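Structure, as structure tokens:
Values in this text are rule-based calculations from the coordinates and carry no lab data. Note that the structure is predicted; figures quoted are calculated from it, not measured. We place every Cβ from the backbone using ideal geometry, glycine too, and count neighbours over all the protein chains shown.
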Amino acid sequence: MADNRNDIDLAPSASPETGSAVDIVVRQLRTLISEEGLKVGDSLPTERELCARFDASRNTVREAMRILKAYGLVEVRPKIGATITDNRMARAFELFSFNTMEVSRKSFTDVQAFRDLIEVRSADRIFEELQEKDLAELREINANLADIRDIQEASEVDYGFHVRLISILGNNAILDVYSVMKPIILRIMQKGKTRRTFMTETYDEHEGVIDAMAARDRLAFEYRLRNHLMVGFKNFSEDMEEKA
């Protein structure tokens, strides 16, 4: 993103005009948006104008526009035409938010390995930024597990604990990514644990992580948090395919 939050960085690559006719028009549209400095809310030329400008058929232009719409970069409305938008984060959220999507052992390990990179391997930075209020708020969030009522509620508390943990890094981009991944993280939590493990084991695991942070014990923090992330691995099928 550029400094202006309404600008979209769509600078074209230096690759030659290769690929299908639709691919070429997609690149040409990106070039047009970038070179003319179009911003969110600005209108694109009409379909007829784009056909003439790119020497492309109407079907090719429509398919290219459909692709940009799927990416969340344009919005097409009847009688108004195509306007620049920026729903890329929303599109990414939709990718992770299918309620019917099953979570396989592969997806479990992929997601938890990513979280390991963010949470566990940021130990040094977390310790540098750590304040007493962070520890107090983490303990307060974890205490809510004692009054848990169901798995969904417990997973929300567990998710909130980890979001508060990474908030110590002060990196809004990471928080945005966790927000996008929330649906699949919640499904992993809900399938990997029972109500009893949330109330006892998860609570104890969180407390162990907090104690390590309070002691500024990086090795203990990494060990306890990594083990916590991998709990429930056995509950995921090895050969189950993900469904969307």
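Estimate the FRET efficiency between Lys191 and Val40 by the formula 1/(1 + (r/R0)^6), using the beta-carbon distance for r and 45 Å for R0, to the nearest 0.05. Given R0 = 45 Å and the Cβ-Cβ separation, E is 0.75. What is the stretch 21-86 by shape, rounded, prolate or oblate, if you read a ≥ b ≥ c off the alpha carbon gyration tensor as root eigenvalues and call it rounded for a/c under 1.5, prolate for a/b larger than b/c, and oblate otherwise? Judged from the Cα gyration tensor, the stretch 21-86 comes out rounded (a/c under 1.5). Between Asp217 and Ile174, the distance separating the two model label sites (each 7 Å from Cα on the Cα→Cβ line) works out to 2.2 nm. For the stretch 137-176, the set of GluC sites (Glu not before Pro) satisfying both a DSSP loop assignment and a count of at most 14 other C-beta atoms within 10 Å is empty.
Each of Asn59 and Lys133 was given a label point 7 Å from its Cα along the Cα-to-Cβ line. The distance between the two points is 6.1 nm. A crude spin-label estimate for the pair Lys234 and Arg149, with each label 7 Å from Cα along the Cβ direction, gives 3.2 nm.
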